[in-house]
1. Determine, for the chain, the count of lysine pairs separated by eight or more sequence positions (or lying on different chains) whose alpha-carbon distance falls under 30 Å.
2. Nearest-5 percent of antiparallel DSSP beta bridges in the chain?
3. Taking Cα pairs under 8 Å and at least six residues apart, what relative contact order does segment 140-286 come out at, in percent?
4. Under the rule of at least 5 residues apart or a separate chain, name every residue whose amide H is placed under 5 Å from the amide H of GLY176.
5. Over the chain, consider all pairs of different Cα atoms and compute the Kirkwood hydrodynamic radius from their mean reciprocal separation; express it in Å, one decimal.
6. I want to verify a result. In a Gaussian network model of the chain, Cα cutoff 10 Å, which of these has the top mean-square fluctuation: LEU36, LEU112, LEU275?
7. Specify which residue in the list HIS33, ALA108, ASN63 is farthest towards the positive end of the charge dipole of segment 3-126, using unit charges on the beta carbon of Lys, Arg (+1) and Asp, Glu (-1), about the Cα centre.
8. Could you tell me whether segment 3-126 comes out rounded, prolate or oblate from its Cα gyration tensor? Rule is a ≥ b ≥ c as square roots of the eigenvalues, rounded for a/c under 1.5, then prolate if a/b exceeds b/c, otherwise oblate.
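Where a number appears in this text, it was derived from the coordinates with a stated rule and is not lab data. Nothing here was measured: the structure is a model prediction, and the numbers come from that model. Here Cβ is always computed from backbone atoms with ideal geometry, including for glycine, and neighbour counts include all displayed protein chains.
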Amino acid sequence: MRLNEYDLNHSYTTTLVSSERITPLGWEAEVRHLVLRLPDTPFDYVEGQSIGVLAPGPHEFGNAHHLRLYSIASPRGGDDGRGDTISICVRRCFSIDDISGERYPGRASNFLCDANPGDPIQITGPYGVQFEVPQNDDANLLMVGAGTGIAPFRAFVKHIYQRHGAWQGKVRLFFGAKSGMELLYMNDFRKDLALYYDQSSFRAFEAISPRPHYDAPPALDRVLLENSAEIWEMLQDSKTFVYVAGLTAAETKFEAAMEEMAGGKEPWLDLKSKLNADGRYAELLYD
Ligand SMILES: Cc1cc2nc3c(=O)[nH]c(=O)nc-3n(C[C@H](O)[C@H](O)[C@H](O)COP(=O)(O)OP(=O)(O)OC[C@H]3O[C@@H](n4cnc5c(N)ncnc54)[C@H](O)[C@@H]3O)c2cc1C
C-alpha cells in the first residue's frame, strides 16, 4: 500500500513520555526507544501493527505533514501494561545524494529522535496486519528480522510471556544486526529480550554482519542455515507460525536460506503459499 493511500482522517495528539537511546553514544547508528502517552480518545492496537507519524511542516512542495510509518514496539496495553501508552523504535535516518555525496536528514525520523519529553507528536492509525498470537500455547513461533524489524518481535515476545506465562511451543528469534552494538533490545543498553532467556521455550539467535564497515548485510542466511535442522522440523509442523519483519534486505536473506533448506525456489514457494493459506505466515517489510 502506498503512503498516500493511508487514512489520515483520524489523527491523535500524543505526548512524548521518554526517548531513550538504545545504541551506544558515539556509535554511528542512533536508534531510540520512544514511549508516547495516548490521548483519552480510545486508540486500541495490537502486536504487529504500525502507526503513522505526522512530522510537522513546513515541508517541500507545501504539504502540511510528512507521513512515515513505525512498527509498534510495545505489547497491547503498553510497556507498563496500563493501557495509555504506545512505544516505537526509531532509527535516525539520512539519505545520501548519489551525485554530491551530501547527507540529508530524514524528516520524520529526525523529528522523532530530536523530540523532548512533553513534546506533542501527531499519530494516525493503527494500520496493518497484526501478528496474531496463536490460540494455543503449544504453537511454535519462528521470527526473523533485522534492524528496527526487532520492534514488532519485542511486542510479540512480551505479549506472549506476560499474558500467557509459560509458553509450551518453541519460540525462536533470528535477528540480524550490523554489529553487537546494534542488537537492539539485546545489547548492553536494553536487555528487554534477555528477560525471557530463562524461558525454556525461548531462544534468540544473533546474526552479525561479517564486514560492518563496508555495510555488508547481517549474516542472517548463514545463521538460519546453521539451524536448518530445527527450522525445517518446525516448518513441517502444522502448529508453526512464521513472522518476517524489517528492511527488505533481511527478507532477501531469509528467502535465500529458505530456498536452500527447501531444495529450491519452487518447493519453498509452495510451502510459503501453504503457510499463507493457513494464516501461518505474516510479513512486515519496508525499504
Ligand atoms: C510498515 C513500516 C514500518 C516501519 N517501521 C519502522 C520502525 O519500526 N522503525 C524505523 O526506524 N523505521 C521504520 N520504518 C521506516 C520509516 O517509515 C521511515 O521510512 C524512516 O524513518 C525514514 O523516514 P524519514 O522521513 O526520516 O526519512 P526519508 O527522508 O524518508 O528517508 C531517509 C533514508 O533512510 C532510509 N531508511 C528508512 N528506514 C530505515 C531504517 N529503519 N533503517 C535504515 N535505513 C532506513 C531510506 O531508505 C532513506 O534512504 C517503517 C516503514 C514501514 C513502511
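1. Summing the qualifying lysine pairs gives 28.
2. So the antiparallel bridges in the chain amount to around 55 percent.
3. RCO, segment 140-286: 28 percent.
4. Amide H neighbours of GLY176, under 5 Å, 5+ apart: GLY145, ALA146, GLY147, ALA207.
5. Taking every pair of different Cα atoms in the chain, averaging 1/r and inverting gives 19.7 Å.
6. Of LEU36, LEU112, LEU275, the Gaussian network model singles out LEU275 as fluctuating most.
7. Among HIS33, ALA108, ASN63, the one farthest towards the positive end of the dipole of segment 3-126 is HIS33.
8. Since a/c reaches 1.5 but b/c is at least a/b, the shape of segment 3-126 is classed as oblate.
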